[in-house]
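A short worksheet on the structure shown next.
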């Protein structure tokens, strides 16, 4: 199988990162110096879309929009449906990004929607994702900028899949979120945030076990931790990522997705639902944030 671009590799003493600029600037692999996978391990030959990658970028919105349609400032916006009667995960994750090598441990990828005639978004925008390794840390920085002449509703996020089992051990998961949402059969939010039920509460660490999760949390403190005993991984997110999506993937990996708004926030905001954190960017205005992944213990 041939591929349209090269795999960009970024290294530090503790980590090696592989990025695919032609697949949305997605992460192919993140491994410790020992070779142990930090994100779920991916073979290049298996990648057809970003869905098979270890992490991808969500812009200019995250997660799902009901019926691929919403109202904004008196306009009815109809997007192309991308499956299950809706659209999801934005429209940058499977498109080619420009790449700039900053240093051996620092890579920058940029995107301009005006380079494409088939964007599934009616506003022009630019985007940037930066990957920086230092010590046992990976910093992922994302920026979304309104390049249009009118205000643009906006959101962003990251969709990393973590290698859940380490030496056959399932991790204890902990994150500080106080609220969650009720959803329908399509995992679309049906109202504002509510208090947690006991089984939904990960403010104290406990294993996931056999349960299947696809849940969005908010009032999140920006920290999440996976602990296997002799090693741990800590995710730290800027305040712009007010929501955390927790998803047990069919392949056995675990997605912990820092995102800036609730699922279907565009429709919920139009209905006056509080707490969903939809942003509106003026022309030239940006939305930005960083997420850090840190290794602790023996990797």
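Assorted remarks:
- Qualifying residue in segment 153-169 (condition: farther than 30 Å from residue 297 by Cβ, part of a loop (DSSP other than H, G, I, E, B), touching a strand residue (DSSP E or B) at 6+ places or on another chain (Cβ under 7 Å) and without any contact (Cβ under 8 Å) to a residue 60 or more places away in the chain): no
- Residue count for segment 50-64, restricted to those that are in a loop (DSSP other than H, G, I, E, B) and either closer than 18 Å to residue 139 by Cα or more than 8 Å from the chain's Cα centre (by Cα) (or both): 5
- Of everything in segment 30-49 that is buried (at least 21 other Cβ atoms within 10 Å of the Cβ) and in a strand (DSSP E or B), the residue that is farthest from the chain's Cα centre (by Cα) is 30.
- Subset tally (residues that are assigned to a loop (DSSP other than H, G, I, E, B), farther than 19 Å from residue 24 by Cα and touching a helix residue (DSSP H, G or I) at 6+ places or on another chain (Cβ under 9 Å)) for segment 82-122: 1
- Unmet criterion (only one of (1) at negative phi; (2) within 14 Å of the chain's Cα centre (by Cα)) for residue 110: (2)
- Meets criteria (more than 29 Å from residue 69 (Cα to Cα), touching a residue at least 12 places away in the same chain (Cβ under 8 Å) and in contact with a strand residue (DSSP E or B) (Cβ under 9 Å, 6 or more places away or on another chain)) for residue 132: yes
- Among the residues making up segment 192-219, those that are in contact (Cβ under 8 Å) with a residue 40 or more places away in the chain and not in a loop (DSSP other than H, G, I, E, B) are 216, 217, 218, 219.
- If you go through segment 162-213 and keep only what is closer than 19 Å to residue 249 by Cα, surrounded by 19 or more Cβ atoms within 10 Å (Cβ to Cβ) and touching a helix residue (DSSP H, G or I) at 6+ places or on another chain (Cβ under 9 Å), you end up with just 188.
- Taking each residue of segment 49-62 that is in contact (Cβ under 8 Å) with a residue 24 or more places away in the chain and looking for partners that are assigned to a helix (DSSP H, G or I) with beta-carbon atoms closer than 6 Å, six or more apart or interchain, yields 56/50.
- For segment 171-191, taking the residues that are assigned to a loop (DSSP other than H, G, I, E, B) and touching a residue at least 40 places away in the same chain (Cβ under 8 Å), the one that is nearest to residue 299 (Cα to Cα) is identified as 171.
- Within the set 159, 137, the sole residue that is buried (at least 21 other Cβ atoms within 10 Å of the Cβ) and under 30 Å from residue 9 (Cα atoms) turns out to be 159.
- Here residue 276 fulfils each of the conditions (1) in contact with a strand residue (DSSP E or B) (Cβ under 7 Å, 6 or more places away or on another chain); (2) assigned to a loop (DSSP other than H, G, I, E, B); (3) surrounded by 21 or more Cβ atoms within 10 Å (Cβ to Cβ) apart from (1).
- Residues that are assigned to a loop (DSSP other than H, G, I, E, B), in contact with a strand residue (DSSP E or B) (Cβ under 6 Å, 6 or more places away or on another chain) and over 20 Å from residue 293 (Cα atoms), drawn from segment 243-266: 262, 263, 264
Since every read-out is calculated from the coordinates, none of them should be taken as a lab result. Keep in mind that what you see is a predicted model, and the values were worked out from it rather than measured. Here the Cβ is made from the backbone with ideal geometry for all residues, glycine too, and neighbour counts use every protein chain on show.
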